[in-house]
Every structure is written in structure tokens, then in C-alpha cells.
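Below is one structure; the comments refer to it alone.
The values are calculated or read from the model by the stated rules, or taken from the named source; none is laboratory data. Fair warning: this is a prediction, and the values are worked out from it, not measured in the lab. Don't worry about glycine lacking a Cβ; one is built from the backbone with ideal geometry, like all the others, and counts go over all protein chains shown. In case anyone asks, the SASA skips ligands and DNA or RNA and just uses the protein heavy atoms, side chains included. Shrake-Rupley method; radii C 1.70, N 1.55, O 1.52, S 1.80 Å.
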Amino acid sequence: MVGLALLLTMTMTLGMVGRALATDGEAEAGTVGRKIVVFRDGVDEQGTRDSVIARAGATKVRDLRLINAAVVRVEPRSQRSLERHPGVLRVDDDAMVQVQADPVPEVAASAAEALPWGIGRVGANKVWDRDRNMAVDPGANAGAGVKVAVLDTGIDLDHPDLTANIGGGTNIIVPSSSPDDDNGHGTHVAGTIAAADNRLGVIGVAPQASLYAVKVLDSDGRGYVSDIIAGLEWCIANGMQVVNMSFGGSTDVPSFHAAITSAHNEGIVLVAAAGNSGPANNTVMYPAKYPEVVAVSATTATNRITSFSSRGPEVELAAPGDHIQSTYKRKGYATLSGTSMASPHVAGAAALVISSGITDTNGDGRTNDEVRRRLDNTAQDLGDIWGRDYAYGFGLVDAQQATGNPSPPLVVTAVASPVSRDHAQLAGRLLRIGSAPSTNVSFLWGTTKDCTDGETAQVTMTEAGSFFIELESLTPGTRYYFKSKAVGDGTAYGTVGSFRFETIPPRVTTRPATIITSTSATMNGKLLNLGTAPSVAVSLLWGTTSAVSDGETAPLTMTASGTFSVSLPGLTPGTRYYVKAKVVGDGTRYGSVAVFRTPP
């Protein structure tokens with residue numbers, strides 16, 4: 001049930017039930033609060049910082065070297081003194097976080113190993129179990145050697161499905177104690193990431209990845225933002241490659257964002273639960289809301305967004321989060337729901353991508369950007385609209401596509417618009433880039449359905465979306481055919497579309513001749529409209545028979561309707577002449593035949 005979801009709260013509710021705790025910043029005046037004092041650049045000598053804290057009457061709890069800060073206990077009057085100190089940049093609330101959930105029943109492990117539905121849905125088993133015998137194939141990519149930190153309530157260090165993959169950890173809350181899980185949430189997350197292939201219980205997305213328990217929450221699921229920051233500092237110092245954070249809150253704590261940014265800049269792939277505040281939009285929580293973090297929404301077994309999952313522009317990927325079976329405390333197993341359960345599917349997939357040998361393509365010295373791009377580009381698009389959206393982000397994470405053979409792009413041809421007499425705007429939509437970091441799109445075009453007359457210039461795209469390319473120098477009234485093309489890790493084509501600029505011919509009438517002499521006359525016409533052409537050529541045909549075939553006057557260019565006249569010399573006295581007007585634009589039209597006679 002959704003009520004079983006385990007998420008954290010940061011000054012607001014993170015889970016599905018329960019009430020939010022008050023932060024220390026909301027404490028009554030005169031009471032001692034817990035704050036994060038951030039020092040200015042250059043104020044980094046330990047003695048100086050301790051002196052600033054002591055002189056303000058505050059008590060230091062711990063240093064946060066990662067963000068040049070310290071956690072203190074302080075009364076409001078002393079806090080104001082700290083805020084006024086020239087060496088202090090700011091003082092942030094050290095917000096409380098808390099796991100909130102209904103009691104979770106533990107279930108006995110099955111005798112044989114089972115593949116949780118979410119692991120299969122993201123295609124993880126297709127990466128390391130190609131023969132489908134529920135065992136990791138020899139030499140297959142199962143995430144071996146990749147360090148994944150679980151910032152949570154700890155991990156059950158004695159769980160038979162996890163012991164083989166636990167590489168270490170730390171207890172941030174009580175450093176002298178082990179990071180053993182006394183709540184259950186962290187163990188559940190860890191099992192989805194990397195439960196081992198041991199013919200028992202369940203198996204994870206990356207069953208050979210190294211798990212690191214970073215305990216930032218106590219047995220009641222409570223903790224401080226500063227504990228999470230300290231946990232991130234430990235992750236950086238110990239070379240973590242992926243960090244899973246199945247918690248979040250509605251408050252943007254600047255110190256927290258600074259720590260997240262530092263971890264990202266160190267090359268760590270940061271993954272977090274989007275939150276359980278759906279179904280409204282713009283409900284993604286922190287830290288998932290930060291741009292450095294992969295925000296993960298939760299889907300059902302039918303690939304639909306869950307009702308509780310948060311939504312918003314920050315959602316980057318979707319993953320299974322409804323009725324997820326995984327490991328639990330006291331060597332048990334449990335089925336839980338929440339974006340807490342979705343996030344570790346993505347963290348595990350990131351471990352598989354790293355293990356597959358992804359390289360630094362943008363030259364910034366790290367590969368976390370490339371891992372995110374690979375996961376985004378190979379995701380399975382979901383929802384009612386193409387491309388990234390508030391519910392699913394780029395789509396359902398696909399571990400097989402992200403780590404397997406090169407994945408081709410996917411493109412469709414859209415309607416050409418606008419279309420004019422000599423050019424058209426061709427339209428297409430890149431639905432998926434595939435496994436390449438970028439894809440080149442263009443259009444093939446022609447006057448037949450083979451579209452072999454030419455190809456437009458290429459446009460480079462780094463994410464799915466619409467694209468438009470102008471096709472010029474077209475012939476009015478001609479039907480043209482076109483189809484989209486995408487070249488990345490493979491070449492894909494859209495269906496054939498067509499367009500035609502429907503021309504309208506001009507209209508002209510013949511008017512009676514004037515100024516008639518025995519040897520000359522002025523012949524007249526009137527242009528009624530230009531049709532669809534920007535300009536037309538008008539002239540007058542003449543002759544001594546009704547065929548009007550003896551001659552034609554030089555063409556005159558007209559850009560607007562109106563009358564026109566041409567003097568015709570060298571006529572024969574006493575002769576009957578025939579005249580008709582002619583116009584050439586988007587088509588050729590004639591006026592009726594007029595008659596005049598020269599005097600003797």
C-alpha cells in the first residue's frame with residue numbers, strides 16, 4: 001500500500017502519513033536551536049572559527065569542512081551575534097528530517113531467489129542474465145567494483161542478501177557505532193540496488209555493486225540536514241561513485257545545496273526520490289529538486305505514475321515504486337511503496353552504466369554527467385506526450401539500453417508548416433536520442449515518395465524534442481515529399497509526409513482600344529488580381545483574325561491590380577484588328593477578345 005512508503009521529511013512531511021516536525025528555527029524565543037554557521041571564504045583556520053563560535057556564546061556540535069561551516073547550538077541572541085560577525089556568511093536552520101510510515105510487516109524470505117518485478121521492468125536482469133536462468137552470467141556486467149552509498153537509516157550488516165556486497169560505511173549520528181540499520185528503510189533501499197545473487201530472497205539491479213551504509217538517521221528515522229551534509233563529505237572522502245538519497249523535503253536549505261554541488265563536482269552520481277506529495281505538479285522535494293540530482297518519480301506495474309508520486313519540471317527519470325519487495329531489517333524482507341523505492345532502481349542502473357565503461361566525453365574530468373545523459377537518452381518514454389514531462393521526466397529507466405549494445409535514435413515526421421509558394425518549414429520530433437551523447441537530424445525530400453532529390457542540412461540535438469528545418473527554392477503547385485532522419489548510434493527514419501502549395505492563377509480582362517488612328521492604337525487591359533504570385537507579367541496579343549496570333553507586346557511587370565496600356569504603331573488603315581489581354585503568374589490566363597478598326 002502507498003501508506004507503507006518510507007520517505008523523509010525536512011521541515012515538512014516526506015512520507016505518506018504522519019505530521020511534520022517543527023524545525024529549530026521555529027523554536028520559541030530564548031530556547032537553544034541547532035544551526036549551521038557558514039563562514040566566508042578565507043575563514044577556514046580551525047582556531048579562528050572556534051573562537052567566533054565561542055565568543056558568540058554558541059556551542060559547537062561538529063565541523064562541516066565540506067561547506068566551510070560548523071553545526072552549533074545557540075540561543076536567538078547569540079545567533080544574531082553570529083550573523084553580524086564579518087567572518088560569517090550566513091546562518092542556516094539545521095532542519096530536522098524524519099522517516100514517516102505506517103508499521104511495516106516483515107515477511108519471510110522465500111526458499112528460492114525471486115526477481116522483484118521492478119528489477120525486471122527496468123531491464124536490469126537482461127544485462128547480467130542473458131540466458132534467463134536467474135543467475136548472473138560469468139563475466140557479465142553486474143556492477144562489480146562500483147561504490148554505491150546509501151544515505152539512510154543504515155543497512156542490516158548481517159542480512160544474507162547483502163553481506164557479500166557491503167563494502168563499508170559510517171555512522172554519522174554516533175561515529176563510535178556501526179551503521180547497522182535499526183529502522184529498516186535503508187536496508188530496503190540497499191536490497192533494490194544490490195541484493196546479491198545467492199539463490200536466496202531477492203536480487204538487486206546491480207547484484208555485484210559495493211554497498212556503503214552511511215547512517216544519517218536514528219532508530220526513529222530522525223536526523224538533521226547537517227548529518228546528511230556530513231554523510232556527503234564522507235562519500236567524497238571515500239570515493240563513492242553513486243549516492244542514493246531516498247528522502248526529501250520542501251525547504252531549500254542553502255547549506256544542503258552547497259554540499260550537493262560539491263559532491264556533484266567531485267563526480268558523484270546523485271540520485272534522490274522526487275517525493276510523495278503528488279498528484280499535484282511542482283511538488284518535487286529537496287534534494288531531488290536541485291539540478292545536480294537525478295529526481296526519480298514512481299511508477300506502477302502498468303507503467304503509470306503512482307497517485308502519490310511528486311511531479312514537476314525537475315523529474316528526470318521514472319522507476320518502479322509501487323509494491324516493491326526487497327530486503328528489510330533483522331534479515332527480513334518487506335514490500336513497500338514510495339518514490340523511496342523508485343530511486344534505488346535508478347541508482348543501481350547508474351552503477352551498471354559506470355561498470356560498462358562509460359567515458360568522459362565532455363572533458364571535465366568526471367563521468368557523472370555522461371552517466372545521467374546515457375540514462376536519460378535511453379529511457380523508455382511514458383505518458384501522453386512525447387519527450388520529457390512533469391510526471392515521468394525522460395521516461396522509465398532502462399538499464400539494458402543504457403548499458404547494452406548501442407541504442408539507435410527514434411524519430412517521427414510531423415506536418416510541414418508554414419508552407420508558401422517557394423519554401424516550407426519541415427517539422428519532425430526526436431523521440432529518443434538513443435545511446436549516443438547527441439544525434440544529428442535532417443530531412444530527405446523530393447517530388448516522389450522516395451525522397452531522393454535532396455537532404456537538408458543537419459541539426460545536432462542532445463535531447464529529445466521537436467526540430468524544424470527550412471526547405472527553399474520550391475516550385476509553386478508541385479507536391480513535395482519528405483521524411484525525417486536521425487543519425488546517432490544507428491540511423492532511424494520517420495514516415496513520409498507531403499505538402500503542396502496550392503496556387504491561384506491571376507485574372508485579367510481586355511478593355512476597348514483607345515486613341516485609334518489610321519496607323520496606330522492604344523490597346524488596354526485590366527489586371528483584376530495577382531492570384532498567389534507576388535508579381536505577374538501582363539501583355540496584349542493582337543492580330544487581324546480572331547486567333548489573335550500576329551504579335552504580342554513586351555511584358556509589363558505588375559505587383560498590384562489595375563489597368564495597363566500599350567501603344568501599337570504600324571497598323572494598316574481601314575483594317576479590323578483583334579486584341580486580348582494576357583497575364584502570367586502562378587498560371588497563365590487571358591481576357592476576352594476585343595475588336596477595333598483603323599480609319600481609312
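So if a site counts as exposed when it's one of the GluC sites (Glu not before Pro), its DSSP state isn't H, G, I, E or B, and it has at most 12 other Cβ atoms within 10 Å, what's the longest stretch of the chain without one?
Answer - 46-471.
Ordered by residue, what ³J(HN,Hα) values in Hz, to whole numbers, does segment 590-595 give under the Karplus form 6.51 cos²θ - 1.76 cosθ + 1.60, where θ = phi - 60° and Gly and Pro are x?
After applying 6.51 cos²θ - 1.76 cosθ + 1.60, I find 10, x, 6, 8, 10, 10 Hz.
What relative contact order, as a whole-number percentage, does the chain give when Cα pairs under 8 Å and 6 or more residues apart are counted?
Computed value for the chain: 10 percent relative contact order.
Pop out the ³J(HN,Hα) list for segment 58-67 in order, Karplus 6.51 cos²θ - 1.76 cosθ + 1.60 with θ = phi - 60°, rounded to Hz; leave Gly and Pro as x.
Values, residue by residue: 9, 10, 6, 9, 6, 8, 10, 4, 4, 10 Hz.
Based on Cβ point charges of +1 for Lys and Arg and -1 for Asp and Glu, what charge dipole magnitude is obtained for the chain about its Cα centre, in debye rounded to the nearest 20?
2720
Once amide H atoms are placed 1.01 Å from N in the peptide plane, what residues at a sequence separation of 5 or more from residue 575, or on another chain, have their amide H within under 5 Å of its amide H?
HN-HN under 5 Å from residue 575: 598.
Non-local amide H neighbours of residue 508 (under 5 Å, H modeled in plane, Pro and chain starts lacking H): which ones?
528
Could you work out the per residue convex hull volume over the alpha carbons of segment 507-570, in cubic angstrom?
That works out to 88 Å³ per residue.
Can you sort 234, 128, 117 by solvent-accessible area, 1.4 Å probe, largest first?
Result, largest first: 117, 234, 128.
If one computes the Cα centroid of segment 240-266 and of segment 435-507, what distance in Å separates the two points?
So the separation of the two Cα centres works out to 44 Å.
Starting at the first residue of segment 261-278, write each ³J(HN,Hα) from the Karplus equation 6.51 cos²θ - 1.76 cosθ + 1.60 with θ = phi - 60°, in whole Hz, x for Gly and Pro.
4, 4, 5, 5, 5, 7, x, 7, 7, 9, 10, 9, 5, 5, x, 10, 10, x
Divide by every residue of the chain the summed helix terms, -39500 (n - 2.57) for each DSSP H run of at least 4, and state the resulting mean residue ellipticity at 222 nm, rounded to the nearest 500 deg cm²/dmol.
-4500 deg cm²/dmol
How high is the relative contact order of segment 189-335, in percent, counting Cα pairs under 8 Å that sit 6 or more residues apart?
It rounds to 18 percent for segment 189-335.
Using a 1.4 Å probe over the heavy atoms of the protein chains, calculate the carbon and sulfur portion of the accessible area of the chain as a whole percent.
Carbon and sulfur atoms account for 49 percent of the accessible area of the chain.
For the chain, what is the convex hull volume of its Cα atoms per residue in Å³?
215
Taking H as built 1.01 Å from N, whose amide H comes closer than 5 Å to the amide H of residue 269, not counting residues under 5 places away?
242, 243
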